[in-house]
Amino acid sequence: MKVTKLDRRHNCYMIMKYHVEVNFKHLCGNDDRIELFKEWRAWCWEVFGTGVETKWITIHPVDAGTEGQCQMVSKNRWAWHTEYGEMRLYFKDDETLSAFMLQWG
C-alpha cells in the first residue's frame with residue numbers, strides 16, 4: 001500500500017488530504033490488485049458511509065473567518081478514482097486515513 005499526502009500536483013488537492021493505492025510489489029497480477037481495491041472500497045463504504053468517484057465529489061464553500069479566504073470542503077469523508085488504470089482511495093482527513101490504516105496497513 002502506498003499513501004500519498006496530496007499537494008498541488010494531485011487531483012482533489014484542497015478537497016481531500018491523502019490518497020492510497022495498491023502497491024504492485026506484493027501482488028501477483030492485475031486481478032489481485034482489482035480484488036484488493038474492491039475489498040478496500042467495500043470496507044470504506046461500510047465504515048465511513050457513502051463515497052463517490054472523485055469527479056462527482058460535492059463541495060461547498062466554507063467561510064475562512066478573519067483570514068478572508070473562502071475554502072471548498074467536501075461533504076464526503078472518502079472517495080475513489082478508477083480512471084486511466086489507477087485505483088486510488090482518497091481520504092478527507094487524518095482520522096479517516098488512520099482508521100483505514102488500522103484495518104488494512
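All of the numbers you see were taken from the coordinates with simple rules; none came from a lab. Everything numeric in this text was worked out from a predicted model, so none of it was measured. Cβ atoms come from the backbone with ideal geometry, glycine included; neighbour counts cover every protein chain shown.
GNM remark for the chain: springs join alpha carbons under 10 Å apart, and the peak mean-square fluctuation among Ile57, Ile34, Ile15 falls on Ile34. Summarising the strand pairing of the range 2-104, around 85 percent of its internal DSSP beta bridges are antiparallel.
Averaging the sequence gap over all C-alpha pairs within less than 8 Å and six or more residues apart, then dividing by the number of residues, gives the chain a relative contact order of 29 percent.
Spin-label model, Asn23/Met101: points 7 Å from Cα along the beta carbon direction are separated by 1.3 nm. For Cα extents along the principal axes in Å, the value computed from the atomic coordinates appears in the list [x] 45, 29, 24; [y] 52, 28, 22; [z] 43, 22, 18 under label [y].
Once the Cα atoms of helix 94-104 and of the chain are each reduced to a long axis, what angle between those two axes, in degrees from 0 to 90 to the nearest 10, is obtained? That helix lies at roughly 10 degrees to the long axis. Relative to the dominant Cα principal axis of the chain, helix 30-48 is inclined by about 40°.
Dividing the helix sum by the residues of the chain, where each DSSP H run of 4 or more adds -39500 (n - 2.57), gives a mean residue ellipticity at 222 nm of -9500 deg cm²/dmol.
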